[in-house]
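Worksheet: one structure, shown below.
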Amino acid sequence: MNKSDLHQIILLQLEQNLLVAQAATQRAIDAATDEETVPEHKYDTLALEASYLAHGQAMRVQECEEDIRVFKELVLREASDTVVMASLVTVANEENERKYFFIGPRAGGVSVDCQGIEVSVLTPQAPLGKALLGRQVEDEIELAINGITVYYEVMDIA
């Protein structure tokens, strides 16, 4: 899997997320300013609630824009012996099921399809991201998630 292609696919997904957030913001603004939401009495809070929603959606747009900016500036390095920022990491669980993670500075949880393989963006702030940083191929990771211990082995670093 070409890491440069993966980077572009992630950027496309982030741009799609931005478009969705912008559309949601516009709908929330429209709802907040619609004449149907004008308060009829002091306990009518529909317009106020809609304005809070519009503000939250506008903040989401800013987060999406920042995700895109940071990913555009991300330097893709050649494969390393250890997991670092912008590494593409393949891990296997105890059942030998493989999972693919791109270590990114933001947008954790975003998943994309690259050449038929699902790759998830993982940030160093996430427990698994933190556990993976600095690891090498064949290193084992033990991680407690919701009281359940899971084990992963680093299979490949690109």
Please state the charge dipole magnitude for the chain, taken about the Cα centre, from unit charges on C-beta atoms (+1 on K and R, -1 on D and E), reported in debye and rounded to the nearest 20. 400 debye
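Return a whole-number percent for the relative contact order of the chain, with Cα pairs under 8 Å and 6 or more residues apart as the contact set. Provide the component values of the computation, followed by the final result.
Details: 251 pairs, mean separation 33.5, N = 158.
With pairs under 8 Å counted, the relative contact order is 21 percent.
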Expressed as an acute angle from 0 to 90° and rounded to the nearest 10, what is the orientation of the C-alpha long axis of helix 46-73 relative to the principal long axis of the chain? 30 degrees
Going by average Cβ neighbours within 10 Å, how do the peptides 100-112, 64-76 rank, with the highest at the top? 100-112, 64-76
Mind checking the dipole of the range 75-158: about its Cα centre, +1 per Lys or Arg Cβ, -1 per Asp or Glu Cβ, Debye to the nearest 20? 480 debye
On the formula 1/(1 + (r/R0)^6), with r taken between the Cβ atoms of VAL150 and SER4 and R0 of 41 Å, the FRET efficiency rounded to 0.05 is 0.85
Would you please classify the overall shape of the range 88-157 from the alpha carbon gyration tensor, given that a ≥ b ≥ c denote the square roots of the eigenvalues, rounded means a/c under 1.5, and beyond that prolate means a/b larger than b/c while oblate covers the rest? rounded
Among [x] 40, 31, 16; [y] 29, 19, 14; [z] 40, 18, 12, find the value of semi-axes √(5λ) of the Cα gyration tensor in Å that was calculated from the structure presented, and write down its label. [z]
With axes computed from alpha carbons, what is the tilt in degrees of helix 3-33 against the longest principal axis of the chain, rounded to the nearest 10 within 0 to 90? 20 degrees
Packing-wise, with mean Cβ within 10 Å as the measure, how do 85-93, 27-35 rank, highest first? 85-93, 27-35
Calculated FRET efficiency for the pair VAL20/GLN115, C-beta based, R₀ 22 Å, to 0.05: 0.35
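Just so you know, all these numbers are worked out from the coordinates, no wet-lab data involved. Please read all numbers here as calculations on a predicted model, not as lab measurements. Counting neighbours? That spans all protein chains shown, and the Cβs are built from the backbone with ideal geometry, glycine included.
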